[in-house]
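Input: a single structure, listed below in structure tokens.
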Amino acid sequence: MDEKAPAGRLPERDRPWVMRTYAGHSSASATNALFRRNLAKGQTGLSVAFDLPTQTGYDPDHELAAGEVGRVGVPVAHLGDMRALFDGLPLAQMNTSMTINAPAMWLLGLYATVATEQGAELASCAGTTQNDIVKEYLSRGTHIFPPAASLRLTVDVIAYTLCEMPRWNPVNICSYHLQEAGATPVQEVGFALATAVAVLDAVRDCGQVPAERMGDVVQRISFFVNAGVRFVEEIGKMRAFGALWDEITRDRYGVENPKQRRFRYGVQVNSLGLTEAQPENNVQRIVLEMLGVTLSRDARARAVQLPAWNEALGLPRPWDQQWSLRMQQVLAYESDLLEHPDLFEGSHVMTALVDDIVAGARVELAKVLELGGVVAAVETGYLKSALVASLAERRRRMEAGTDVVVGVNRFTETEPSTLTAAGAEAIEQIDPAVEAAAAAAVREWRAGRDAAAVESALARLKADAATTTNLMAATLACVRAGVTTGEWAGALRQILGEYRAPTGLSGGAGAGGDARLATVRERVAATARELGSGRLRLLVGKPGLDGHSNGAEQIAVRARDAGFEVVYQGIRLTAGQIVAAAVEEDVDLVGLSVLSGSHLAAVPAVLDGLRAAGRGDLPVVVGGIIPAGDADALRAAGVARVFTPKDFALTGIIDELVTVIRESNNLR
């Protein structure tokens, strides 16, 4: 660019944001190879996806890990796995984001130990641990400990990194999952900032951080946001986020340096907004969503990772991830976006939009603070109920056609997609042998270590957990002794306890003006009369470790509105627990929801359990991200119906559930 830039242009082109690909599957060594390929293609940061056992604090050989190992991320059970994950990758020179929450302290301990083994100075290591446990209770479901205890772990990590890893972002406040769980832009901003206030209040009051260092804490807190296809509104949302964050950190925490108050965020655009129907449309959705967090220079994301076009079908392949990376590179390097000042400065339209979001978010934040803060709002079920109600309203608009989703509720006529012509080959396939290998490997690891050192390290961890001592030192001792992920989390479960979050179904809104619902309600009542029961009873079950409960909750709300008595006990249930509930509650139908890809293991386990309990006659239906071939296998195993994301009309699904009950009872 010329030394004197033309009017309306920057004197020097901006540096692009950090470009990441959310990646991890099968094993540490396989994921390491994937990282190397992605970095060679121009990716500038790593974003590690961990599998559900790792996220929820279980080893690969635990009962609840069955069918889940290596599916939605990489399994990391101990220091050896972390060494393999980053083998040959210089951590002192990398910027690494780790999507980990309940065991964030543990994974950071593993990471720091490997970095030290490589000869890196911890003070030079840059990256992020997500470490936002609040949204796990509301939307993602990988929490372990109660809210107050979890917040303590977050504070301990912040205090540790402030001293030892000053370039590390110890917490990444996530509004991303709130949007997927139903949050409006106003709720997304308000609820996320309520979480940030809870974290900063806890740091301020913990006694580990001097008051004069609160600015240093604030400048290392980052956010992880969602960007939907309404990209103009998303630009306004991000500008509103920045304005409120600046205000809160200045007025509530006395941070005077504006650079420390700057709103820093990374983004993944809306994965759950991608469609199974006409999946090629997801490409333009992803591009538009990327614009929402890049067009405004004053509110531009620091890091971006994009989903792949086929995430509604299954696990993306390396080629699919490359396509998403190339989208970022074309925008950053081929377009002139980075040559200009903020495009929206002085825009009356944008100013009005931002002002509306700011005003609404202030109201939402005030509501949470009046309840006693975000922990109280989680424990009372207020936040979860609000999200379930908002998602129900969003689904109502979609079903009514008020909100158009191209290829789903309008413009459904289509030519066959060449992208999906390969069938199962259009997504990444996980070798079933991965799980057995991981289970065998962790048993071998346990057998080869110093048992006395492990016992001593775990005893120290439990002793420290019973006090207010920062748990990072004990965690690092556990890492060095060879403790496993499941053992670390298990020791803390004994002291801190476990937590089952509110389901939020009480806040679910009705289907409003859905005329078809009245007809379905009549069918439900008539079928109950013919069976001689007061009401039809539906058990909604979430087997395994999959915590994505949004779809299950919406089915439960609509079934309840249609006249079903719904039994829903929340997430992370064993097959035995689901079978026991089905028998004890004498239900007419079992509905299983699995979005993690573990359906071929989780569903047959429930079917076998029902047969063993003498209820093999009880019909079972399944919903989730299930490829066509797997759906055929489930039906062959005895599943009555399989629903996938293309089945978006909830009232129609409930009507089909009534049909299943009638068929199983030979009612015409």
Inset, instruction - Rounded to the nearest Å, what's the spacing between the alpha carbon centres of region 180-222 and region 324-401? Just the number, please. - result: 17
Legend entry - Mean projection area, nm², convex hull over Cα of region 538-583: 2.9
Legend entry - the chain: relative contact order as a whole-number percent, Cα under 8 Å and 6+ apart: 16
Inset, instruction - At 0.36 nm per residue, minus the direct Cα-Cα distance, what do GLU117 and GLN569 gain on full extension? Give it in nm, one decimal, please. - result: 158.3 nm
Inset, instruction - Give a quick list of trypsin sites (Lys or Arg not before Pro) in region 109-190 that DSSP marks as loop, anything other than H, G, I, E or B, with at most 15 other Cβ atoms within 10 Å. - result: ARG167
Inset, instruction - Take the alpha-carbon centre of region 145-161, take the same for region 266-322, and report the distance between them in whole Å. - result: 31
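Mind running the shape call on region 590-668? Use the C-alpha gyration tensor, a ≥ b ≥ c as the square roots of the eigenvalues: rounded below 1.5 for a/c, prolate if a/b tops b/c, oblate otherwise. Write down the numbers at each step before the final one.
Working: a/c = 1.98, a/b = 1.04, b/c = 1.90.
Oblate.
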Inset, instruction - Return the loop-located trypsin sites (Lys or Arg not before Pro) in region 186-282 (DSSP other than H, G, I, E, B) with at most 11 other Cβ atoms within 10 Å of their own Cβ; answer none if there are none. - result: LYS259
Legend entry - Peptides 333-343, 189-199, 469-479, 644-654 ordered by average Cβ neighbours within 10 Å, highest first: 189-199, 469-479, 644-654, 333-343
Inset, instruction - Over region 593-667, average the accessible area per residue using a 1.4 Å probe and give it in Å², no decimals. - result: 37
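So what is the 222 nm mean residue ellipticity for the chain from helices alone, if each DSSP H run of at least 4 adds -39500 (n - 2.57) and you divide by all residues, rounding to the nearest 500 deg cm²/dmol?
Only helices count here, giving -14500 deg cm²/dmol.
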Legend entry - Å² of accessible area per residue within region 544-584, as computed with a 1.4 Å probe and no ligands counted: 28
Legend entry - Accessible carbon and sulfur surface of the chain relative to its total accessible area, %, 1.4 Å: 52
Inset, instruction - For every other residue with a beta carbon closer than 11 angstrom to the beta carbon of HIS143, add +1 if it is Lys or Arg and -1 if Asp or Glu, then tell me the sum. - result: +1
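Over the Cα atoms of region 145-221, Rg to Rh with Kirkwood Rh, two decimal places?
1.00
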Legend entry - Principal axis box of region 226-317, alpha-carbon based, largest edge first, Å: 50, 24, 18
Inset, instruction - State to the nearest 20 debye the size of the charge dipole of the chain about its Cα centre, where the only charges are +1 on K and R beta carbons and -1 on D and E beta carbons. - result: 420
Legend entry - Label assignment, Cα extents along the principal axes in Å derived from the structure, set (i) 79, 62, 55; (ii) 79, 67, 52; (iii) 99, 48, 41: (ii)
Inset, instruction - Among the GluC sites (Glu not before Pro) in region 246-300, which ones are in a DSSP loop with at most 16 other Cβ atoms within 10 Å of the Cβ? Mind listing them? - result: GLU256, GLU280
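The values are calculated or read from the model by the stated rules, or taken from the named source; none is laboratory data. Because the structure is predicted, anything quoted here is derived from the model rather than measured. Backbone-built Cβ (ideal geometry, glycine too); neighbour counts: all protein chains shown. Accessible surface areas use protein heavy atoms only, side chains included; no ligands, DNA or RNA. Shrake-Rupley method; radii C 1.70, N 1.55, O 1.52, S 1.80 Å.
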